[in-house]
Structures are given as C-alpha cells and as structure tokens.
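Note sheet for the following structure.
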Amino acid sequence: MQTLLLSDSFTLRYHRLQVSPVDVPSCRAREILQARVRADLKVYAEAVNSLQRSVGPEFKKSQKAAERARLAFETAGKKLADHLASHKCG
Ligand SMILES: [Zn+2]
C-alpha cells in the first residue's frame, strides 16, 4: 500500500513536469495548433466509428464524412509540424 502511494505521488509529479517542462518555451500558437489536432483527431475517430456502424446508402455518406475528417486531421497535423519546425518551440 505504501509503495502504491509513493508511486502514485511520483506519477503525479512526473505528469506535472510533462505538462509544463522547463526547457520547452510555452507557445500560444503551438497550444492552439495542438488543440486543433486533438479536436480533429476526435472528430475523425468518431467518423470512423459511425462508418463502421453504417450500412447501405448511409455508408457512402459516412465514408465521405470520414474522408473529410481525415483530411482535416492531416492538415492540422501538418500545420503543427510546420510550426514546430520553423518556430523551434516543440
Ligand atoms: Zn511556437
């Protein structure tokens, strides 16, 4: 039990370090881009889920929605990668 408590407290401390690392400057633009990637990934995952459930004419519609979501996610990921490469803030 004691070991578990110690390890939980270590995990929490480690997690806090991960959230605000000292050597990586905070960058508002990067945070916005990262939030965009996360949001687009969620939409894409949901679109894939609904694609797996759809049949018949619904399938084509879901397929188009999933494709759009995938492109949006890829665009967001590319924008983030470009920002990290040019701004060196990641
Ligand atoms: Zn930046």
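Scan R38, R53, R30 and give me the residue that is basic (K, R) and touching a residue at least 60 places away in the same chain (Cβ under 8 Å).
Of the residues listed, the single one that is basic (K, R) and touching a residue at least 60 places away in the same chain (Cβ under 8 Å) is R30.
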(Q) Among the residues in the stretch 34-42, are any among the β-branched types (V, I, T), surrounded by 17 or more Cβ atoms within 10 Å (Cβ to Cβ) and on the phi < 0 side of the Ramachandran plot? (A) yes
Q: Please state which one of E74, E67 is surrounded by 13 or more Cβ atoms within 10 Å (Cβ to Cβ), without any contact (Cβ under 8 Å) to a residue 60 or more places away in the chain and closer than 22 Å to C27 by Cβ.
A: E74
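Taken together, the values in this text are just the output of simple stated rules run on the coordinates, not laboratory data. Predicted model, so just to flag it, every value in this text is computed and none were measured. Cβ: placed from backbone, ideal geometry, glycine included. Neighbour counts: every protein chain shown.
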